[in-house]
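The values are calculated or read from the model by the stated rules, or taken from the named source; none is laboratory data. In this text the structure is predicted, and so the values were computed from the model without any measurement. Cβ atoms come from the backbone with ideal geometry, glycine included; neighbour counts cover every protein chain shown.
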Amino acid sequence: MAAREDRGTEAMAVGTGAGEGKSYLRDVLDKRGLGSTRRLLLRILERHRDLFGDAILEVGAGMPDFLLRVPVPRRAALDVEPYYADSFREAGIAFHLRDLDRQDLDDLGPFDIVVCTDVFEHLLHPEKALARIQRVMSPKGVLFSHVPNEFRLGKMLRVMLGREESVYWHADQPEWGDPHLRRFTDLGYRRFLSLAFRHNLRLNALKPSRYERPFNRLGFRAPYCLQAGPTYLSTNDAGLAAEFRRRAGHRARFM
């Protein structure tokens, strides 16, 4: 369902008209890997298993490599194309074919955990998709989400100097065919998540990039142009948010 910044994957809005259509979507899915963002989420789910429930849904799942590793009993995947539906089902993982821009998810839940990485930037109506995700979650549910940072310093300088086009993660696509329909800053992404969730914790603080670490050691957050894409834990359960922040220790100051 989406182009994954850190794993070279594509999935959501390509199927709704962006980029090169279905052949493009299948090509990028075939190149997919697990990626650093979902590796971070796996570590969180393993280390803090007691905080989260027993049902997980991955939105824009692509292939089952992530859900196969998740230590949760009830697992389900959702995508806009059925390319790997049989692979999920053979692994004992439920598969649902939905278009987040157009279709509700209310009949699928509730889920205690929803994972949605590199999806929102592809959607025509990300705010409606966020509301659909929130409605399928249990009262104590958490959303783990990520979008790419397309405002990194080196890329922006090359664009401003006229040396490159603005397409970032899909350089094989022309600007008019860029499957990324939205570009998020950390500030804007947190504001976006706040449309549906009262508590939004920035997980980048748990694994800062090499460019962020010097700033963090000095007690500052790095400029956004040096950060990785925003990765968040979102929930409406105040107790869960407070406990996760407590466990984060000194790193919570950058959440």
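Read through the list (1) surrounded by fewer than 12 Cβ atoms within 10 Å (Cβ to Cβ); (2) under 19 Å from Thr117 (Cβ atoms), then give the number of the only condition that Arg182 fails. Of (1) surrounded by fewer than 12 Cβ atoms within 10 Å (Cβ to Cβ); (2) under 19 Å from Thr117 (Cβ atoms), only one is false for Arg182: (1).
Considering region 66-127, the qualifying strands (runs of 3 or more DSSP E), each wholly inside and each with 3 or more residues that are at pLDDT 95 or above and under 16 Å from Phe144 (Cβ atoms), run over 74-79, 111-117. Only one of the listed residues (Asp50, Asp118, Asp65, Asp79) is closer than 22 Å to Gly141 by Cα and either surrounded by fewer than 18 Cβ atoms within 10 Å (Cβ to Cβ) or over 16 Å from the mean Cα position of the chain (by Cα) (or both). That residue is Asp50. Note on region 171-206: residues that are free of Cβ contacts under 8 Å to residues at least 40 places away in the same chain and either of a type in the set (Lys, Arg) or in contact with a Leu (Cβ under 7 Å, 6 or more places away or on another chain) (or both) total 2. Within region 134-149, residues that are outside any strand (DSSP E or B) reach partners that are of a type in the set (D, E, K, R) and surrounded by fewer than 19 Cβ atoms within 10 Å (Cβ to Cβ) with beta carbons closer than 6 Å, at six or more positions or on different chains, in the pairs Arg135/Asp106. The number of residues in region 207-231 being surrounded by 20 or more Cβ atoms within 10 Å (Cβ to Cβ) and either in a helix (DSSP H, G or I) or in contact (Cβ under 8 Å) with a residue 60 or more places away in the chain (or both) comes to 5. One residue is enough: does region 151-163 have a residue meeting the conditions of a type in the set (D, E, K, R), loosely packed, with under 15 Cβ neighbours inside 10 Å and assigned to a loop (DSSP other than H, G, I, E, B)? Within region 151-163, one or more residues are of a type in the set (D, E, K, R), loosely packed, with under 15 Cβ neighbours inside 10 Å and assigned to a loop (DSSP other than H, G, I, E, B). Residues in region 164-193 that are among the hydroxyl-bearing types (Ser, Thr, Tyr) and not in a loop (DSSP other than H, G, I, E, B): how many? Count: 1.
When region 88-107 is limited to residues that are of a type outside the set (A, V, I, L, M, F, W, C) and surrounded by fewer than 16 Cβ atoms within 10 Å (Cβ to Cβ), the one that is nearest to Val136 (Cα to Cα) turns out to be Asp106. Checking the structure you have, find out if any residue of region 30-46 is part of a helix (DSSP H, G or I), modelled with pLDDT under 90 and buried (at least 19 other Cβ atoms within 10 Å of the Cβ). Among the residues of region 30-46, not one is part of a helix (DSSP H, G or I), modelled with pLDDT under 90 and buried (at least 19 other Cβ atoms within 10 Å of the Cβ), which makes the answer no.
Checking each residue in region 194-206 for being in a helix (DSSP H, G or I) and either of a type in the set (Gly, Ala, Ser) or over 17 Å from the mean Cα position of the chain (by Cα) (or both) picks out only Ala205.
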